[in-house]
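Structure first, commentary second.
The values are calculated or read from the model by the stated rules, or taken from the named source; none is laboratory data. Because the structure is a prediction, the values reported are computed rather than measured. In this analysis, Cβ positions are derived from the backbone assuming ideal geometry, glycine residues included, and neighbour counts consider all displayed protein chains.
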Ligand code: SF4
Ligand code: SF4
């Protein structure tokens, strides 16, 4: 008995004491939003060695990653990046549920900016951030004017967001040049306007319905959850079962504290519904896990204020069902999580290898359909088409050598040639020999050769090796 009294006294340490060092999740989320916005706005401007941190330019058929420029024919790093994105989403969801939705998704950030900052704080169109269920009374002319101002303000931000999106495909330095001549760049301008219009329609009219009904991620995430996944969880052991029944038959049983106390005198939920009115997706987390929950944790903040005033912790926690409902310990070393993390580690290694083995020039070799040409002096020529491509960001002089077969010389081209940055050049190449390479009087012989092509001004770093063949005729055809 004495222990229970001491425990209760310790729990009821008073509102001021309890909430003194408390930092609401909403404040932490705003910091996260600021950080992600800075990254999204700043990243397209960052260049390393003349190349962007990330750029997928369809215009120049280039992909930049961490300052390395890849050609569209060398998209392996992009494949690795996409793989990492998918597996990363799986891992993140298995560990933290829809943590992306609540903390980093542009849709949620945009909704907070529009609904909470513009409509509520700036224009007072909505009464309180804490009540997201109550829509403004649009029959009032003053509210109609405020709504128009809110849409105009958001439209300006939507254009900036659309431009930022485009900068990952059209670098800012080109974007601001192109935008001065919209008629010449109608596709870019069309995409800019289209994305901005979508953002206005989505944020102003579709709202969180996008998260609930449209977003494909919300459809698949449920299969990735398990009992150790961290999410917003109401604790019915402390608060009491507000909903009765199972599955689709689950229905609300108590709307008032006194009704709840009749069945469960220890129930702590005061049925204030602060956690319900604050929820942007309009759900009641006391019903249990729901796919609509975007992990914004606003319900936890709301309940912390309510329960904190009684010196008690929130009835809703950011924790796993295993820990909150069953009293166990959340395990992060689950086979599923370890498997995802191992795959991500392999992909990262692959990404580094793909990045470090990047070739700064490309070379495709095609041999002509005529196998060889026997000249009057009985020397033998083989003809090829070499397609060189300069994938570096400056002009170079290129030439090549033959390796692996003595006696074969380059007849054409006779000297190095230049290719500007990002450009290709086709060259007809003639290789010849006046030596007897093979004494085979029954058939022609294909002899393997290696072409070592390089930039004359930087042969150490800009060099590629390609395999091909030199076809030598039957001996009787070349006998002098
Ligand atoms: S229940 Fe609602 S308020 Fe709570 S975390 Fe989920 S979406 Fe946010
Ligand atoms: S905010 Fe807390 S006390 Fe109020 S209804 Fe929700 S769970 Fe119960």
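Figures for the structure shown
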{"read-out": "Of all residues making up segment 227-250, the number that are more than 16 Å from ligand 2 (Cβ to nearest atom) and at pLDDT 90 or above", "value": "4"}
{"read-out": "Some residue of segment 292-310 being touching a residue at least 12 places away in the same chain (Cβ under 8 Å), assigned by TED's automatic domain parsing to the domain that holds residue 127, assigned to a loop (DSSP other than H, G, I, E, B) and away from ligand 1 (no atom under 12 Å from the Cβ)", "value": "yes"}
{"read-out": "Condition met for residue 325 (more than 22 Å from residue 132 (Cα to Cα), in contact with a strand residue (DSSP E or B) (Cβ under 8 Å, 6 or more places away or on another chain) and within 16 Å of ligand 2 (Cβ to nearest atom))", "value": "yes"}
{"read-out": "Residue within segment 177-197 that is within 24 Å of residue 285 (Cβ to Cβ), surrounded by 15 or more Cβ atoms within 10 Å (Cβ to Cβ) and within 27 Å of the chain's Cα centre (by Cα) present", "value": "no"}
{"read-out": "Cβ pairs under 7 Å, 6+ apart, first in segment 143-154 and over 11 Å from residue 123 (Cα atoms), second not in a helix (DSSP H, G or I)", "value": "144/138"}
{"read-out": "Residue ranges of helices (runs of 4 or more DSSP H) in segment 210-285 with at least 3 members touching a helix residue (DSSP H, G or I) at 6+ places or on another chain (Cβ under 6 Å) and within 11 Å of ligand 1 (Cβ to nearest atom)", "value": "none"}
{"read-out": "Cross-chain or 6+ apart pairs with Cβ under 6 Å, segment 350-370 first and at pLDDT 85 or above, then loosely packed, with under 13 Cβ neighbours inside 10 Å", "value": "none"}
{"read-out": "Residue in segment 59-81 that is in contact with a helix residue (DSSP H, G or I) (Cβ under 7 Å, 6 or more places away or on another chain) and at pLDDT 90 or above present", "value": "no"}
{"read-out": "Any hit, segment 173-187, residues being assigned to a helix (DSSP H, G or I) and closer than 17 Å to residue 40 by Cα", "value": "yes"}
{"read-out": "Candidate set from segment 311-333 (those that are within 14 Å of ligand 1 (Cβ to nearest atom) and assigned to a loop (DSSP other than H, G, I, E, B)); member that is farthest from residue 239 (Cα to Cα)", "value": "314"}
{"read-out": "Filter result (within 22 Å of residue 472 (Cα to Cα), in contact (Cβ under 8 Å) with a residue 24 or more places away in the chain and part of a strand (DSSP E or B)) within segment 405-426", "value": "409, 411"}
{"read-out": "Residue 125 being in a helix (DSSP H, G or I) and free of Cβ contacts under 8 Å to residues at least 60 places away in the same chain", "value": "no"}
{"read-out": "Subset of segment 278-291 (residues that are within 9 Å of ligand 2 (Cβ to nearest atom) and touching a residue at least 60 places away in the same chain (Cβ under 8 Å))", "value": "278"}
{"read-out": "Segment 427-467, residues that are outside any strand (DSSP E or B) and under 48 Å from the mean Cα position of the chain (by Cα)", "value": "456, 457, 458, 459, 460, 461, 462"}
